[in-house]
Amino acid sequence: MFSSIEDVIERFAKNNYIASRRIATVIYLATELRKPVLVEGPAGVGKTDLAKVLAASLGFDMIRLQCYEGLDEGKALYEWEYAKQLLYTQILKDKISEVLVGAKSLTEAVDRIAAQDEVFFSERFVLPRPLLKAISSEQPSVLLIDEIDKADAEFEAFLLELLSDFQVTVPELGTLKAKHIPLVVLTSNNAREMSDALKRRCLHLYIDFPDRVQELAIVKLKVPEAATKLAEEVVTVVQSLRKLDLKKTPGISETLDWVKALTLLNVNSLDQELVTETLDTIVKYEGDVRKAQEELKDYVRRVRARRGTEAGSDKDLLN
Amino acid sequence: MQEKLVEFANLLRENGVRVSLAETLDAFSASEVTGLSERDAFRAALRATMVKRASELPVFEELFDIYFSGLGEIIKQASQAVQNALSMSDQEFQKFLDQVEKMLQKEGKNLSELARQLLQNNSGEMERKIREASRAVKLNGIERTIEENYFARALARQLGLDKIEAEIKELREQLEKMDIGSELKAKMEEYLERRLKALDDIIRRYVRMEREKRDIKQKEDQRLNQIGEKSFYYLTEEELKKMNEAVTRLAQRLKNVITVRRKRSKKGRFDIKRTLRQNLKYGGVPFKLRFEKRKKEKPQVVILCDVSDSVRNASRFMLQFVYSLQDLYSRVRSFIFVADIGEVTECFRNNDAKEALDVALTGDIINVYAHSNFGYAFRNFVTDHLGAVNKRTTVIVLGDARNNYNLPHDWCLREIRQRAKKVIWLNPESRNTWGFGDSEMDRYAAHCDLVEECRNLNQLYRVVDRLVAG
């Protein structure tokens, strides 16, 4: 576990994640209080990454449950493999009759079978899904429940038992208690308001888009091969794009994609022809692309004007 | 500290942030982990445990600033002001305070506790005393600006300001008799006087701050209510913008409710064929039951929106609402009319909200400067677009039914109703004026399943609630 908030920041930085103090504090609290964290925020600000990095920096396993509409217990918790069980009984028919040899009455036969109960109802026939895996895992783990807002309200209610007691009931086997209480991270894009009961059990963390300095640091960390000047320009443009009224506001991941794409194409400044063609890495709708193009043109014009005056002053000096 | 946290939780609740008891307990344990010394960590701890909605974060931030830097900060500032008035550096002031303490030991044996703390600059203890006193006078009940004076006086009385004043006066007299340098004496005297004023100042500012705490909520409430209740006709540019957000949220809410409802009716009758097929791998033993899937009945909506001059402002909103609805449902057909009727479904689908509304309202589709003629529009709808209406369609008419004494042709509406599942009429005019002058509302109302007055956002909310429920 972490020793302090600074420790969180440091260890996250080692795993290429720049955590603000606010994020680090919440993570530190989560590990100390053993409470799940509900991470909210716009798409592409590193919500999912947070869980991955948390697992990596603690050396825990990460178990991921992606939520979607119609996700049910069978896919999230466990499935009982009837087919396998049936197959086993079929194959072992002879063995079963051996057990039953010499039984004088039906009661005795049933008793003998009952004595072998564990064979029929054992963990052998349980197919563990992410939630059960997290609970029964021998090593401590980080459980990421991604996009919980996509799952149904019933599933949320079902999660409540798990999140408060860290135990689940499998009818065939009884109640399973967690060997290690996993660190739980839930992420939500706010497609749906989460229930109060769930929110109450979690620490809440809202991650917003980073400011210019932070974003630049992130770009430098994740795409070290990018030229500093290009990175600065890209970040400036993306920051101003976020202020526009776009259908889908570009997140950090989009910024990174764009920088990577531009670096790959050997572009080193935004006032080149090629740049407009790569715009679709950051904006995903046609209407948005149009708006972004205009913003970009505006930016290039401003930069050129500035450079123009600088060049002008150089000339003055020469004269 | 615990008391302070409980009080803070109450304050959050008063300002509309839902904080449960369990969350307050979490805040205790979280603040124990982070400690109090580091302000940012403490703030993050409280934020993570007490505030669970992004929309409530600004309220939290503001209250945290007021509450946790509040009184302590005021006291600190007051003593800083005294120091500045005496024009001393930090070191000099500290030395001076030592001298004051010495003097107090000699002369101030019968000083009250608060006076002593005040003169010795013991801000922590002072803060505690003032808080106690403010609880005694029920300062948290303050609501209006006019009450400030009353509460300031009450708090001063509770703290025994008169007594402290008398004590300090006495001290000054004693000071006269003491034999210390005249310069120091003058300084001491000024110090005593300024300190007394500082206490008064602290009380006043604290009372004002307490009132402001309550105010944040009121301001917010008022603003929302105003917009909610304000008629569509009288909105300013700024309010229009906010209204648009609200309408979009409203439509979103409608969608949320609908997805939940779809879930509930997921299973239909037992499906024998699929059950058999599914269980072949178990040798025909039906381990897994299969049910027929209920057919999702996609809501179909046809909207007829009046965009004539008389309802210009209201129709902007209605169109915004129509636009949001069309975004959410796949089967919405939208028409606008004044006298002619024209379909805007495609236009709404392909354009941004703002552009779409502009196109609809500037007369590219129909002549928007004509005199409204509901009868003519309905008749045209029946002849040209009746195919859009079938037994699953909900028809929503948005308009004031002011027909300019033209033929109402209410038989058209009857015909539409016969084919449709439901006809809903939303009228942006006040109910009292329906049927007067050229209003044909009464005549049309006979052929509607639901007629609602819809002149502001709150009413629109109610209508949506009814639509969702029914």
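Check the stretch A:206-220 and report whether any residue there is more than 23 Å from residue A:16 (Cβ to Cβ), within 13 Å of chain B (Cβ to nearest Cβ), out of contact with any helix residue (DSSP H, G or I) (no Cβ under 6 Å at 6 or more places or on another chain) and surrounded by fewer than 19 Cβ atoms within 10 Å (Cβ to Cβ).
Our first condition is that a residue be more than 23 Å from residue A:16 (Cβ to Cβ); within the stretch A:206-220, this holds for none.
There is no residue in the stretch A:206-220 that is more than 23 Å from residue A:16 (Cβ to Cβ), within 13 Å of chain B (Cβ to nearest Cβ), out of contact with any helix residue (DSSP H, G or I) (no Cβ under 6 Å at 6 or more places or on another chain) and surrounded by fewer than 19 Cβ atoms within 10 Å (Cβ to Cβ).
List every residue pair whose Cβ atoms lie under 9 Å apart, where the two residues are 6 or more positions apart in sequence or sit on different chains, the first residue falls within the stretch A:85-114 and is without any contact (Cβ under 8 Å) to a residue 40 or more places away in the chain, and the second residue, located anywhere, is of a type in the set (A, V, I, L, M, F, W, C) and surrounded by fewer than 12 Cβ atoms within 10 Å (Cβ to Cβ).
A:86/B:285; A:99/A:115
Just to check your reading of the model, which residue among A:142, A:184, A:170, A:126 is away from every other protein chain (no Cβ under 13 Å) and surrounded by fewer than 18 Cβ atoms within 10 Å (Cβ to Cβ)?
Details: A:142 fails: surrounded by fewer than 18 Cβ atoms within 10 Å (Cβ to Cβ); A:184 fails: surrounded by fewer than 18 Cβ atoms within 10 Å (Cβ to Cβ); A:126 fails: surrounded by fewer than 18 Cβ atoms within 10 Å (Cβ to Cβ).
Step by step, each of A:142, A:184, A:170, A:126 is checked, and only A:170 is away from every other protein chain (no Cβ under 13 Å) and surrounded by fewer than 18 Cβ atoms within 10 Å (Cβ to Cβ).
Just wondering, is there one or more residues in the stretch B:320-330 that are at pLDDT 80 or above, in the same structural domain as residue B:368 (by TED's automatic domain parsing) and not in a strand (DSSP E or B)? Please lay out each step first, then the result.
Quick first cut of the stretch B:320-330, residues at pLDDT 80 or above only: none.
No, there is no match, as no residue in the stretch B:320-330 is at pLDDT 80 or above, in the same structural domain as residue B:368 (by TED's automatic domain parsing) and not in a strand (DSSP E or B).
Are any residues in the stretch B:390-417 in a loop (DSSP other than H, G, I, E, B) and farther than 15 Å from residue B:339 by Cβ, and if so, which ones? Lay out the reasoning, then the answer.
Going through the stretch B:390-417, the residues in a loop (DSSP other than H, G, I, E, B) turn out to be B:390-392, B:399-401, B:403-409.
Answer for the stretch B:390-417, where residues must be in a loop (DSSP other than H, G, I, E, B) and farther than 15 Å from residue B:339 by Cβ: B:390, B:391, B:392.
For the stretch B:1-119, please list each of the helices (runs of 4 or more DSSP H) lying entirely inside it that holds at least 1 residues being more than 13 Å from chain A (Cβ to nearest Cβ) and among the aromatic types (Phe, Trp, Tyr).
Working: elements: B:2-14, B:21-34, B:39-50, B:57-85, B:90-107, B:113-119.
Passing ranges, in order: B:2-14, B:57-85, B:90-107.
Report whether or not residue A:112 is surrounded by 17 or more Cβ atoms within 10 Å (Cβ to Cβ), touching a helix residue (DSSP H, G or I) at 6+ places or on another chain (Cβ under 6 Å) and modelled with pLDDT of 85 or more. Give the derivation first.
Details: surrounded by 17 or more Cβ atoms within 10 Å (Cβ to Cβ): no; touching a helix residue (DSSP H, G or I) at 6+ places or on another chain (Cβ under 6 Å): yes; modelled with pLDDT of 85 or more: yes.
Criteria not met by residue A:112.
Take the conditions touching a residue at least 12 places away in the same chain (Cβ under 8 Å), under 38 Å from the mean Cα position of the chain (by Cα), farther than 29 Å from residue B:23 by Cβ and not assigned by TED's automatic domain parsing to the domain that holds residue A:193 and apply them to residue A:139. Does it pass? Quick ask: steps written out before the conclusion?
Values: touching a residue at least 12 places away in the same chain (Cβ under 8 Å): yes; under 38 Å from the mean Cα position of the chain (by Cα): yes; farther than 29 Å from residue B:23 by Cβ: yes; not assigned by TED's automatic domain parsing to the domain that holds residue A:193: no.
No, not satisfied.
Kindly evaluate residue B:110 against the criterion of being in contact (Cβ under 8 Å) with a residue 24 or more places away in the chain and at positive phi. Spell out how you get there, then give the answer.
Details: in contact (Cβ under 8 Å) with a residue 24 or more places away in the chain: yes; at positive phi: no.
In short, no.
Taking the stretch B:21-54 on its own, how many of its residues are within 18 Å of residue A:205 (Cβ to Cβ) and among the hydroxyl-bearing types (Ser, Thr, Tyr)?
Of the residues in the stretch B:21-54, 4 are within 18 Å of residue A:205 (Cβ to Cβ) and among the hydroxyl-bearing types (Ser, Thr, Tyr).
Among the residues of the stretch A:82-89, is any touching a Ser or Thr at 6+ places or on another chain (Cβ under 9 Å), under 22 Å from residue A:175 (Cβ atoms) and not assigned by TED's automatic domain parsing to the domain that holds residue A:167?
Let us first name the residues in the stretch A:82-89 that are touching a Ser or Thr at 6+ places or on another chain (Cβ under 9 Å), namely none.
Looking through the stretch A:82-89, none of the residues is touching a Ser or Thr at 6+ places or on another chain (Cβ under 9 Å), under 22 Å from residue A:175 (Cβ atoms) and not assigned by TED's automatic domain parsing to the domain that holds residue A:167.
Do you know which residues across the stretch B:418-429 are in contact (Cβ under 8 Å) with a residue 12 or more places away in the chain and in a helix (DSSP H, G or I)? I'd like the intermediate steps shown before the answer.
We begin by selecting, within the stretch B:418-429, every residue in contact (Cβ under 8 Å) with a residue 12 or more places away in the chain; these are B:419-429.
Residue satisfying the conditions is B:419 alone.
Restricting to the stretch B:447-462, name every residue that is under 17 Å from residue B:394 (Cβ atoms) and of a type in the set (Ser, Thr, Tyr).
none
Among the residues of the stretch A:253-303, which ones are in a loop (DSSP other than H, G, I, E, B) and among the β-branched types (Val, Ile, Thr)?
Pass one, the stretch A:253-303, residues in a loop (DSSP other than H, G, I, E, B): A:265-272, A:278, A:282-285.
Listed by number, the residues that qualify are A:267, A:278, A:282, A:283.
Can you work out which of the residues in the stretch A:208-266 that are basic (Lys, Arg) and free of Cβ contacts under 8 Å to residues at least 24 places away in the same chain is farthest from residue A:40 (Cα to Cα)? Quick ask: steps written out before the conclusion?
Start the filter on the stretch A:208-266 by keeping residues that are basic (Lys, Arg), which leaves A:212, A:220, A:222, A:229, A:242-243, A:247-248, A:260.
Now narrow it down to the ones that are free of Cβ contacts under 8 Å to residues at least 24 places away in the same chain: A:220, A:243.
On the way: A:220: 25, A:243: 20 Å.
Taking the candidates together, the pick is A:220.
Can you pull out every residue in the stretch A:52-95 that is closer than 24 Å to residue A:154 by Cα and of a type in the set (A, V, I, L, M)?
Result: A:63, A:65, A:71, A:76, A:77.
Which members of the stretch A:9-26 meet the condition of being away from every other protein chain (no Cβ under 11 Å) and in contact with a helix residue (DSSP H, G or I) (Cβ under 6 Å, 6 or more places away or on another chain)?
First, pick out the residues of the stretch A:9-26 that are away from every other protein chain (no Cβ under 11 Å): A:9-19.
Selection gives A:9, A:11, A:12, A:15, A:16, A:17, A:18, A:19.
For the stretch B:171-184, indicate whether the set of residues that are assigned to a helix (DSSP H, G or I), at pLDDT 65 or above and of a type in the set (S, T, N, Q) is non-empty. Break it down into steps so the answer makes sense when it comes.
Our first condition is that a residue be assigned to a helix (DSSP H, G or I); within the stretch B:171-184, this holds for B:171-177, B:182-184.
Next, only the ones that are at pLDDT 65 or above stay: B:171-177, B:182-184.
Pick out the ones that are also of a type in the set (S, T, N, Q) and you get B:174, B:182.
Scanning the stretch B:171-184 turns up at least one residue that is assigned to a helix (DSSP H, G or I), at pLDDT 65 or above and of a type in the set (S, T, N, Q).
Can you tell me which residue is modelled with the highest pLDDT among those in the stretch A:58-103 that are touching a helix residue (DSSP H, G or I) at 6+ places or on another chain (Cβ under 8 Å) and of a type in the set (Lys, Arg)?
So the residue we want is A:64.
The values are calculated or read from the model by the stated rules, or taken from the named source; none is laboratory data. For clarity, every value in this text was computed on a predicted model and none was experimentally measured. Please note: Cβ atoms are built from the backbone with ideal geometry, for glycine as well, and neighbour counts cover all protein chains shown.
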